[in-house]
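Below: the structure, in structure tokens.
The values are calculated or read from the model by the stated rules, or taken from the named source; none is laboratory data. This structure is a prediction, so every number in the text was calculated from the model and none was measured. Neighbour counts are summed over all protein chains in view; Cβ atoms, including those assigned to glycine, are modelled from backbone coordinates with ideal geometry. We work out accessible area using only protein heavy atoms, side chains counted, and drop any ligands, DNA or RNA first. Shrake-Rupley method; radii C 1.70, N 1.55, O 1.52, S 1.80 Å.
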Amino acid sequence: MPMFQPLKRDGLIGFEGGGDGQVLDLDTAVKDGVLGGVNGGGIVDEKLDLKKMIKELDLQDIPSVFICPISLEPMQDPVTLCTGQTYERSNIHKWFNLGHLTCPTTMQELWDDTVTPNKTLYHLIYTWFSQKYVLMKKRSEDVQGRAIEILGTLKKAKGQARVHALSELKQIVVAHLMARKTVVEEGGVSVISSLLGPFTSHAVGSEVVAILVSLDLDSDSKSGLMQPAKVSLIVDMLNDGSNETKINCARLIRGLVEEKGFRAELVSSHSLLVGLMRLVKDKRHRNGVSPALGLLKPISVHRQVRNLMVSVGAVPQLVDILPSLDPECLELALFVLDALCSDVEGRVAVKDSANTIPYTVRVLMRVSENCTNYALSILWSVCKLAPEECSPLAVEVGLAAKLLLVIQSGCDAALKQRSAELLKLCSLHYSDTMFISKCKLTRTIH
């Protein structure tokens, strides 16, 4: 950690530790960019609140000399100890109140516990943050004004001009929070949503969806998007658009599904499910798996959707990708498969998938309690449906030993009870001696 020590050399007040060791005066340090100041910077009039600026800017590339070694946060009231080390005043006082009489950085014993305000460093910190803050505000005003201009253009633009305007607006709202707020506050959501319809080109539709998925939509906005013609267009783009557009469509529909007034028939679509399964199986673009499964989860609670999922062959496809999924996506996929097991057709489809039992047994006690819960529920459903066929197969791939682990673990009581019931069901097809031999843990651990 550099040592801050006000000093005078060649008539200039400065401090040590300014990058490559040179002595800096306040104007030069910020103006010349030694501490990352913006161009044209001088001393900003001290009317802005430093704490507010630090909070609103939330910067990651703050010069290390501005950071308190104790809290690792920017200093607002830097003070220097007799050792030359500088800290935030409140933090060093907390250190002293704990009974420490040493310098936290060097661990030197202090011969004087007086703290001296480091005014030079304070002014450097204040000026650096002030200039960043003023620049941010100016940029925010610029993008807010441009966003309003584009919204006005969209009300009358046609053809390629409309596509260009939407593309620019997309770039602005993705990059700037204030632009997103401005679009919403200026009624831009209704303007943009109105561009979605049965005759909308995919070039326009993809830009519209990309903008909408970036905004914080209220209930009225979501209700307006639930029109069948708009949902139909979004589903078409989910199937035929670019990978980015497909992902945006899945996310936008998920936002609609979570709304109270949502109707299940809007997603009871063969085309929607086919598009989602393509995203799930796409090996070239794995970033689409989570959005697709994230939408399949809430729509799988509707029976008509589950029936369609079975008819499009979603069950074996979901089962076969289980080993390749990360923990978050695995939990989503298991939830969907468990939901499918709530219907006879779904249970049969899950049972008939060749890898259901080995893949779900493998998940038990390996990922999370939720995954174990869903996997156990799936295994219970298929073993209960066809005990003579499924129970021996499950035991052969190590289910009995895994169930004993669940019972002996700190899992939920209901989960343990289900494990005990499934263990009893599996034991019916073996003699006591034979079943005990199947419960050895060595094979399961291997």
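A few notes on this one:
- The alpha-carbon of residue 281 sits under 18 angstrom from the alpha-carbons of these lysines, leaving out residues fewer than 8 places away in its chain: 246, 297.
- In nm, spacing of pseudo-spin labels at residue 71 and residue 191 (7 Å Cα→C-beta vector): 4.2 nm
- Ellipsoid equivalent to the range 264-405 - semi-axes via the Cα gyration tensor, in Å: 24, 17, 12
- Segment residue 417-residue 226, length gained on full extension (0.36 nm per residue, minus Cα span): 64.5 nm
- For the range 107-180, with all protein chains in place and a probe radius of 1.4 Å, 53% of the accessible heavy-atom surface sits on carbon or sulfur.
- The chain: most fluctuating residue of 377, 368, 90 per GNM, C-alpha cutoff 10 Å: 90
- With a simple spin-label model that places each label point 7 Å from the Cα along the Cα-to-Cβ direction, the separation between residue 97 and residue 324 comes to 5.6 nm.
- Relative contact order for the range 148-216, counting Cα pairs under 8 Å that sit 6 or more residues apart, in percent: 39 percent
- Within the range 142-185: backbone nitrogen closer than 14 Å to the residue 203 label point (7 Å, Cα to C-beta): 158-168
- Kirkwood hydrodynamic radius (C-alpha pairs) into Stokes-Einstein, the range 218-347, 37 °C and 0.692 mPa s, D in µm²/s: 224 µm²/s
- Averaged per residue, the chain has 50 square angstrom of accessible surface, using a 1.4 angstrom probe with ligands and nucleic acids left out.
- Gaussian network model of the chain, Cα within-10 Å springs - most flexible of 296, 340, 385: 385
- The simple Förster model, with R0 at 30 Å and r as the Cβ-Cβ distance, assigns residue 174 and residue 301 a FRET efficiency of 0.45.
- Overall form of the range 289-338 per C-alpha gyration tensor (a/c, 1.5; a/b vs b/c): oblate
- Where a label projected 7 Å from the Cα of residue 244 along Cα→Cβ would reach, residues of the range 210-227 with amide N under 18 Å: 210-215
- Cross-link partners of residue 52 among lysines, defined as those whose alpha carbon lies under 26 angstrom from its own and excluding same-chain residues fewer than eight positions apart: 31, 94, 119, 132, 137, 138, 181.
- Summed over qualifying helices (DSSP H, 4 residues or more, each -39500 (n - 2.57)) and divided by its residue number, the chain shows a 222 nm mean residue ellipticity of -18500 deg cm²/dmol.
- Ignoring the sites themselves, the chain has its longest run without chymotrypsin sites (Phe, Trp or Tyr not before Pro) in a DSSP loop having at most 14 other Cβ atoms within 10 Å at 200-446.
- Computed over the Cα atoms of the chain, pair by distinct pair, the Kirkwood hydrodynamic radius stands at 27.2 angstrom.
- Spin-label pair residue 216-residue 184: with each label point 7 Å from Cα along the Cα-Cβ axis, the two points sit 0.4 nm from one another.
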